[in-house]
1. Which residue pairs have Cβ atoms under 6 Å apart, sit 6 or more places apart or on different chains, and have a first residue in region 49-61 that is without any contact (Cβ under 8 Å) to a residue 60 or more places away in the chain and a second that is loosely packed, with under 14 Cβ neighbours inside 10 Å and in a loop (DSSP other than H, G, I, E, B)?
2. Which residue is surrounded by the most Cβ atoms within 10 Å (Cβ to Cβ), if the candidates are limited to region 5-45 and must be of a type in the set (Ser, Thr, Tyr) and in contact (Cβ under 8 Å) with a residue 24 or more places away in the chain?
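The values are calculated or read from the model by the stated rules, or taken from the named source; none is laboratory data. What you see is a predicted model, and the numbers here were worked out from it, not measured in a lab. Please note: Cβ atoms are built from the backbone with ideal geometry, for glycine as well, and neighbour counts cover all protein chains shown.
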Amino acid sequence: MSTVEFNQMLLNNAEYLRPFAITLTRDSENAKDLIQETMFRALANRERYHVGTNIKAWLYTIMRNIFINNYRRNARQQTIFDFSANDYLIDTNQSAVSNDAESILSRKDIEGAIHALPELFRAPFLLYFEGYKYHEIAETLAEPLGTIKSRIHFARKLLKQQISRF
């Protein structure tokens, strides 16, 4: 296939890329950039196109791969490493301000709601809240694993109803 024929096929199928690009990016300017990058990559990799295969599918694949690579690159750029003693990942988009008074009140409300649970639900939930695994809780309380899971589930539901403002 000659270069002119290939370029003509690209131009004939370029109009089909726009709706797909808008679906991926949800922004017309980013969609235009994505289409342009797709066309550039298709021209640069012309020798990889096999004559007789579906050119639209080939272009869609190139576009999808470019979008995924750009998305992953942007996600990596928005996360920074803090090389402190614990090596936490910090998300740079978070800008929360601590309010100690509100957190103390909410903690007291939550603790009160937990201790207001019936003993049947409170005991397994407190163990789960402390970090024990389901099977460890089942062994400690000498109950079947399914029973423990359902009691913790119901405890969560009750807490969600009691603390609806959070």
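1. Qualifying pairs under 6 Å: Val51/Met1.
2. So, considering only residues that are of a type in the set (Ser, Thr, Tyr) and in contact (Cβ under 8 Å) with a residue 24 or more places away in the chain, the one surrounded by the most Cβ atoms within 10 Å (Cβ to Cβ) is Thr38.
For every residue, the table says whether it meets (1) closer than 30 Å to Ala21 by Cβ; (2) at pLDDT 90 or above.
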{"position": "Ile68", "(1), (2)": "yes, yes"}
{"position": "Ser84", "(1), (2)": "no, no"}
{"position": "Gly112", "(1), (2)": "no, no"}
{"position": "His135", "(1), (2)": "no, yes"}
{"position": "Thr140", "(1), (2)": "no, yes"}
